[in-house]
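So the structure is just underneath, and the comments pick up after that.
The values are calculated or read from the model by the stated rules, or taken from the named source; none is laboratory data. Remember, it's a predicted structure, so these values are computed and weren't measured experimentally. As a convention, Cβ positions derive from the backbone with ideal geometry for all residues, glycine included, and neighbour counts pool all protein chains shown. Just the protein is used for accessible areas: all its heavy atoms, side chains included, with ligands, DNA and RNA removed. Shrake-Rupley method; radii C 1.70, N 1.55, O 1.52, S 1.80 Å.
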Amino acid sequence: MRSVCATCYDFIMAIEKTKLPPALVKLNREVVACRLCPRLVAWREKVAHEKKRAYMDHEYWGKPVPGFGDPNARVLIIGLAPGAHGSNRTGRPFTGDSSGNFMYPVLYRTGFASQPNGKARDDGLYLIDAYITAAARCAPPQNKPTPRELANCAPFLDREIAALANVRVVVALGRIGFDAYLSHLKRAGVIESKKPYAFGHGVEYGTPDGRMLVGSYHPSNQNTNTGKLTEGMFTKLFERVAGLAKRDRSKVENA
């Protein structure tokens with residue numbers, strides 16, 4: 001185990017001490033150790049070695065990033081992939097970059113996060129009734145994982161969803177996150193085609209697995225700096241999600 005960096009070792013040991021169910025503990029260990037995609041392995045490690053000038057004194061994570069949150073969550077948030085100098089640096093989803101700086105205050109205000117800021121794995125932030133994961137677990141060049149790389153990560157998502165038994169609402173951040181969940185449903189034999197499900201901000205679909213799928217624009221710089229996604233839009237969406245998560249399962253299934 002000590003063949004990995006000290007920071008990674010400490011994090012893996014921390015996984016063992018959490019209240020995560022055994023299936024998620026095992027999954028997270030496998031995610032962290034994954035080296036299936038040569039291009040992504042090379043890129044994430046190159047970024048971690050060279051670093052960004054602002055973070056020269058930081059020890060980068062430089063590995064696949066496991067999911068984070070409440071194992072009893074009724075809300076699952078699926079993003080795209082770790083940011084090169086965000087999650088790839090900190091080792092926690094949406095932590096240490098502009099996307100997280102935009103998202104966590106909204107999650108805090110809508111009751112899903114313990115504090116409005118997410119800067120590092122040890123900053124005390126925890127999620128309430130929410131769990132965050134991604135379609136791809138490694139930082140990809142230009143934020144663009146290939147179809148093959150997404151397919152390599154897909155079994156991790158399948159196992160994660162299976163372990164999160166209380167999920168009622170799935171929030172897909174961006175088209176890739178949206179498609180990742182639909183692909184999961186296809187692999188599980190729940191749906192035959194993705195065609196009835198069109199991505200858009202605020203769209204809601206009751207899916208045959210008894211959950212609600214909610215689409216959102218991704219809180220990337222490209223979307224937030226141009227006003228395509230505003231703080232008000234994002235807050236309104238998560239207020240709606242909070243309401244959906246509290247509804248009886250029978251109502252969700254019939255929505």
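Heavy-atom accessible area for MET56, with the other protein chains in place and a 1.4 Å probe, reaches approximately 110 Å². Among 149-155, 61-67, 216-222, 178-184, sorting by the average number of other beta carbon atoms lying within 10 angstrom of each residue, highest first, gives 61-67, 178-184, 216-222, 149-155. Over the chain, accessible surface divided per residue gives 47 Å², non-protein components excluded, 1.4 Å probe.
Beta-bridge orientation, the chain: approximately 30 percent antiparallel, per DSSP, counting only bridges with both partners inside.
For the residue pairs LYS19/LYS51; LYS144/LYS186; LYS195/LYS228; LYS26/LYS236; LYS144/LYS228, the alpha carbons lie more than 27 Å apart in LYS19/LYS51; LYS26/LYS236. Cross-link partners of LYS46 among aspartates and glutamates, defined as those whose alpha carbon lies under 14 angstrom from its own and excluding same-chain residues fewer than eight positions apart: GLU59. Between the helical axis of 22-33 and the longest alpha-carbon principal axis of the chain there is an angle of about 50 degrees. Here the accessible area of segment 83-174 is 54 percent carbon and sulfur, with a 1.4 angstrom probe and all protein chains present. Computed 3J(HN,Hα) for segment 190-196, one whole-Hz value per residue from the Karplus formula 6.51 cos²θ - 1.76 cosθ + 1.60 where θ = phi - 60°, is 7, 10, 9, 8, 8, 4, x, glycine and proline marked x.
For the chain, the Cβ-based charge dipole about the Cα centre amounts to some 320 debye (Lys, Arg positive; Asp, Glu negative; other atoms uncharged). Taken about its Cα centre, segment 100-152 carries a charge dipole of roughly 180 debye when the Cβ of each Lys and Arg holds +1 and the Cβ of each Asp and Glu holds -1. A 1.4 Å probe, protein heavy atoms only, puts the accessible area of SER98 near 50 Å².
Helix 98-109 and the longest principal axis of the Cα set of the chain meet at an angle near 50°.
Note on THR226: accessible area is roughly 100 Å² with a 1.4 Å probe, heavy atoms of protein only.
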